[in-house]
Structures are given as C-alpha cells and as structure tokens.
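S.K.: One structure, pasted below without further comment.
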Amino acid sequence: MSDKNSENVENYEFEPIKGYPLLNWKGKRPFRTTQYFPAQLKEVYGAEDESGWINKIFWGDNLQVMSHLLKQYRGKIDLIFIDPPFDSKADYKKKIKLKDREAETDANSFEEKQYTDLWNNDEYLQFMYERLIMARELLSDRGAIYLHCDWHKNHHLRCMLDEIYGPSSFVNEIIWCYSIGGKGNNFFARKHDNIYFYSKAPCKKNLHFFNDKDKNVRTDRKPNSHMKLQYDDDGRAYQSKVDKKSGKEYIYYMDEGKIPEDYWNDIEQLNREDKERVDYPTQKPEKLLKRIIAASSSTDSIVFDFFMGSGSFQAAAAKLGRKFIGADINLTAVQTATKRLIREDCSLEVHTVNNYELFKNPIEAKELLIEALEIQPIEGSNLYDGEKETEKVGFKVKVMPVNRIATKEDLNELISNFPYKTFEKRKAEMPHKVVENVMLVCMGHEPGLGAILENECGYKLNVEVVDILRDKSDLTFKYDSEASITAEDNKLTVENFYPRNLLQKLSQQKDDVTEWREMVESIMIDWNYDGAVMEPTLIDIPEKNEFVNGSYEIPEGATNIKIKITDLLSESYEEVISYA
C-alpha cells in the first residue's frame, strides 16, 4: 500500500535488542503503512462551536476509522481511552423488550447478541497490535493512552504497550476495584480490572497532562489517625504536619480531597437499576471516565475512544467540555451513543467509513451479496459460498470478511481446506491448465490478493477479485424495513411501520404486535433534506416505556422531508418525501 492514498506509520521491527523484550505470536506481522479510507457524513445534530469544531462519531472498523483520521488528526489527539474486547470467551447480549409491556415474559422480550468476545489468541494479539500502533500515531506529544483490560489478556497487553510506546512511557497501572459481580467457588473472587496509563513521550519528561487539582480527579480525604483534626476560622476541617528538616508546615483540607492512589476503590460498577444505564453490555460508569479525562486532557483537547460501546466516554467528555471523537463497528453502539448524546444536547456528526452501512450485519451482508451477485449456493460446502457462471467460465465463490478490507491472512481458510487431491488429479490430466477458477468477493483488499492465493496454494489458479466498493458500486440492496407514511394537511404521519428483522424475531417468540410504536426507539426528521447529509430538527426520543408521537406538524418552508425511524434493534428505515 504505497500509493498516494496510503499513510506511513512508525516502523516497528521485531528483532529484539538487549533490555527490550518483545512479545511474539504465530503470524505476527509488521504494520508500516495503511490505506486511506474515505468517510461519508450521514447525519448532523446541532452546530459547530465558536472554534469551528463539532464532535464526531464514526461507524466502521476502527482500524479503517483511524486510517481515515490520520490525514487530519495525526499528532493532534491528547487522550485516547479504550475499553477493547477482553477475550473473555463470552457473548454479550442486550435484552430487547417491546415498549409499554408490563409483564416480562418470553413472549415479549428476547436477548439480542451485540458482539462476541471469542478469539484465537494469535488473532487477538495481531488485532490489538495494529490498533495500538495506529493510536500512537494519532497522539500528540503531550498525549496519553489509557487501556482498560482484565486478567484475561492484561499480561500480553502490558508487554505490547511496552513494545509500541516504550517502557519509559509507562506512567501507571491502575487497579479499579469493585464489589458488584459474581464470586468464584474455587478461587478468590476476581473483583478488579486493570487500566494501563502510558504517555506518548517518555514519562520522565513530564510532557503529559496530569491535572491533579481537578475535583473530578481527586477522591475523598479521610482524617489520618496520627494527625489532629482542626478547623480554621471559616469552619473548614484540616490536618497539618511539619517537616522536621525544613520546618515547613503542610496543610491538608478535608474538602479538597486527595490525589487517588493507583488502586481505585471509590467507584463502583453500574448496577441494574442505576439511572445511568442504557442497557448496553459492559457499560462503564461515567465517574470512572471523568477521572481519566479530567486528569489527562484540557478543555481545548481532542479526546478519542475507538471502542465506543454505549458512549460513556463521549458523554463524560461532553460534560467536561472536551472535544471528542468516537468509533465503533457495532451499529447498536453507534445508535445508542448517538441517542444518549443528543439527549445531553450535544452537537455531533455521524459518519460511516468505507461505506460501512452496506454491511452492518456481516452474516446478513453475506446473504445480501450472494443474492445481489446472483451466486448459486452450494449445498453442503464448508469451503465455498457458492458458484457463479460468467460468459467464459464458472467460478467457485468465496465471500471474504465484508466489514473490513480482505488481507492475505483471510486466505488461510481456503489454503488450508482446498481439495488438493482433486487439484493434483486435474494437474496430472492437464498440466498447463488451471485446476480451479476462484472468485473472491470482498470490501476492499490488499494488493495482489489473487497472486498470493495462487502462490500459497502451489497450484495454478484463475483468481478473480470482485471488490464491491470498486467494481460493483452500483449494487442495490433491499431495505430491511417498510413503513406507511403520509404528508398531507400540514401533517407528517407514520401510519404503520414494519421492521423486518425485529418482526421476524418476535414471530419466533410467538408475539402479536398490535401497536407499531411498541417497536420504535426514535424518529428523527429533516424538513429540508439536501440529498446528502441528514440534519434533523425534529427529534422524537421518548423515555424507556413511552411511545414516539408518530404524527408531526410540517413547518412552513418544508420541501424535501427525510424521516428516519429506528427500531429496538437499532436498525433504521429512512424515506425521503417530496412536499410542496
């Protein structure tokens, strides 16, 4: 990737040097350049501030998001916080329940998987390695990164941070202690997470922010038993001590608190009834994030979280007056965070990177691609996804991962499972002919993917790479949902709404939905849509068990009306209505 659309990153060599250990794993690859990925501005809420800034949320693979950000924000971000996958070997689910239903029964609620935290160890390490390198490129010289993890991978991640940022950039290992959660029967209860704090510059240079006087950083000061508790003329409680050598007196006011130790036991995990909860798995308390943001940034800083989740970091940043950027690959995370921030009256833009909205659900995307490209499925095949007949030859088709660019590592499944006995037989019969015609369908790819496959396979293949974004950009995909909407007599009315995926899941639960608004999370309307970017001026986000209105006064001057209806699965239906 050395063309004009590529970006260099700092070179990290694998050859260890004395006193500088490296973490290695099978398939460890250097990461020296990255392709620039375009972003598409989709929605705008509110306006820019006086400096011309507006907060940003990106939906897409965070490696592609950071590759996009490099061009404008390299060396400009003062704080990065990430709460990445822990490799916990678990599925994280969100409970979906129809609105305004009193009884919690299987008939009107179900659990929807949000993401799977199940990894092959080597894949996980390469995944994190590439993203931590990219993060360092974005950090300013005074910047810092906080990485939140737990016992599953903290030892590996600490080694990785040492390698990328340097052992001299280590500032703290923070132990976040809490009491909520299950207890073990045959081991000591695991009641803490680890947060690694590294600065961009070597720690001893003291370039990084550390705002120890900020009230959001400090914790309560409890009286020390060896010092007398006293009160000044204003009634403020304090304790004091005198340095025996210098004779200087140090005064500690109780109401000023103190700098926390590197173990934090004054912030509890969120419980089920906490008002802050937005029903997103692994949500973290804002108080925890406020301490980090306040300690390691200023009010003119840009702060960034590229495993955004429910948007707690962004919400905390907004309340502390920071400029923020967020990113997540999960559509529900983007919708949840956006809705949460709109309620906080926060101005922001929502972008997709690399046209990611086409592929919001990788499993469904594969099905849509197979249908759109007229690929004939092969019954009982674990290797290929189907067959495709062209004018000249018939291809065996493999759909590569559709939520990121395809790499040579994605070819491993094919290379390991090719029918080599069949290939050998065909080669013996026709030595100069190809043994298989293979079509790779992908969403962006590393250069030379076809040649790599043939070289690694060891047999002559005819490989055609079909890049959806480049070669098939005119493909259209069917809508997930349908709606009946009218605009007449100065009223925009949603008469009915049919969210296909949600209704299918509810039908499996044998539920009968009599009111379409039971299935709706929000409605947003841009009364004068410009055909490119949606700027909603009407935002209908009801409380947890309340309904959207569904009928809205059309203001004077409305022409091109765009309405966006988001259901309980965070999937949206959008329609543009001409109005005169």
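The values are calculated or read from the model by the stated rules, or taken from the named source; none is laboratory data. Keep in mind it's a predicted model, so treat the numbers as computed, not measured. In this analysis, Cβ positions are derived from the backbone assuming ideal geometry, glycine residues included, and neighbour counts consider all displayed protein chains.
S.K.: Within the stretch 92-142, restricting attention to residues that are part of a loop (DSSP other than H, G, I, E, B) and either among the acidic types (Asp, Glu) or under 18 Å from the mean Cα position of the chain (by Cα) (or both), which residue is modelled with the highest pLDDT?
M.R.: Ranking the qualifying residues of the stretch 92-142, first place goes to Asp100.
S.K.: Considering only the stretch 171-287, give the strands (runs of 3 or more DSSP E) lying wholly within it that have at least 2 residues that are surrounded by fewer than 14 Cβ atoms within 10 Å (Cβ to Cβ).
M.R.: 237-242, 249-253
S.K.: Do the conditions hold for Lys398, that is, is it in contact with a strand residue (DSSP E or B) (Cβ under 7 Å, 6 or more places away or on another chain), without any contact (Cβ under 8 Å) to a residue 60 or more places away in the chain and crowded, with 16+ Cβ neighbours inside 10 Å?
M.R.: yes
S.K.: Any idea how many residues of the stretch 371-389 are in a loop (DSSP other than H, G, I, E, B) and either closer than 18 Å to Cys442 by Cα or under 32 Å from the mean Cα position of the chain (by Cα) (or both)?
M.R.: Qualifying residue count for the region: 8.
S.K.: Of the residues that make up the stretch 315-328, is at least one of a type in the set (A, V, I, L, M), in a helix (DSSP H, G or I) and over 27 Å from Ile175 (Cβ atoms)?
M.R.: Yes, the stretch 315-328 has at least one match.
S.K.: Follow-up. Would you mind stating whether Val513 is at pLDDT 95 or above and either out of contact with any helix residue (DSSP H, G or I) (no Cβ under 9 Å at 6 or more places or on another chain) or outside the structural domain of Val44 (by TED's automatic domain parsing) (or both)?
M.R.: Considered against the rule, which asks whether it is at pLDDT 95 or above and either out of contact with any helix residue (DSSP H, G or I) (no Cβ under 9 Å at 6 or more places or on another chain) or outside the structural domain of Val44 (by TED's automatic domain parsing) (or both), Val513 comes out as no.
S.K.: Cβ-Cβ below 8 Å, separation at least six or inter-chain, first residue in the stretch 292-306 and without any contact (Cβ under 8 Å) to a residue 40 or more places away in the chain, second of a type in the set (Val, Ile, Thr) and outside any strand (DSSP E or B): which pairs?
M.R.: none
S.K.: Could you check the stretch 538-580 and list, in sequence order, the residues that are within 21 Å of Met519 (Cα to Cα), in a loop (DSSP other than H, G, I, E, B) and either not acidic (Asp, Glu) or not assigned by TED's automatic domain parsing to the domain that holds Thr486 (or both)?
M.R.: Result: Ile541, Pro542, Lys544, Asn545, Phe547, Val548, Asn549, Gly550, Leu568, Leu569, Ser570.
S.K.: If a residue must be within 26 Å of Val466 (Cβ to Cβ) and either of a type in the set (A, V, I, L, M, F, W, C) or in a loop (DSSP other than H, G, I, E, B) (or both), how many such residues does the stretch 406-429 contain?
M.R.: Result for the stretch 406-429: 8.
S.K.: Scan the stretch 43-65 for residues that are more than 17 Å from the chain's Cα centre (by Cα) and in contact (Cβ under 8 Å) with a residue 12 or more places away in the chain and jot them down.
M.R.: Within the stretch 43-65, Glu43, Val44, Tyr45, Gly46, Ala47, Glu48, Asp49, Trp53, Ile54 qualify.
For (1) surrounded by fewer than 21 Cβ atoms within 10 Å (Cβ to Cβ); (2) at pLDDT below 95, each residue gets a yes or a no:
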position: Met524; (1), (2): no, no
position: Glu535; (1), (2): yes, no
position: Pro542; (1), (2): yes, yes
position: Ser551; (1), (2): yes, no
position: Ile554; (1), (2): yes, no
position: Lys564; (1), (2): yes, no
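S.K.: Could I ask something else about it? Hey, can you tell me all the residues within the stretch 137-156 that are touching a helix residue (DSSP H, G or I) at 6+ places or on another chain (Cβ under 7 Å) and within 13 Å of Phe307 (Cβ to Cβ)?
M.R.: Across the stretch 137-156, the qualifying residues are Ile145, Tyr146, Leu147, Cys149.
S.K.: Which residues, counting only those in the stretch 334-355, are crowded, with 24+ Cβ neighbours inside 10 Å and either farther than 21 Å from Tyr73 by Cβ or touching a Cys at 6+ places or on another chain (Cβ under 9 Å) (or both)?
M.R.: The one that is crowded, with 24+ Cβ neighbours inside 10 Å and either farther than 21 Å from Tyr73 by Cβ or touching a Cys at 6+ places or on another chain (Cβ under 9 Å) (or both): Thr336.
S.K.: Next question. Please indicate, with yes or no, whether at least one residue in the stretch 61-76 is β-branched (Val, Ile, Thr), more than 30 Å from Thr514 (Cβ to Cβ) and either modelled with pLDDT under 90 or touching a strand residue (DSSP E or B) at 6+ places or on another chain (Cβ under 8 Å) (or both).
M.R.: Scanning the stretch 61-76 turns up at least one residue that is β-branched (Val, Ile, Thr), more than 30 Å from Thr514 (Cβ to Cβ) and either modelled with pLDDT under 90 or touching a strand residue (DSSP E or B) at 6+ places or on another chain (Cβ under 8 Å) (or both).
S.K.: Okay, moving on. Would the stretch 145-153 turn up any residue that is more than 18 Å from Ser297 (Cα to Cα), of a type in the set (Asp, Glu) and buried (at least 19 other Cβ atoms within 10 Å of the Cβ)?
M.R.: The answer is no; no qualifying residue exists.
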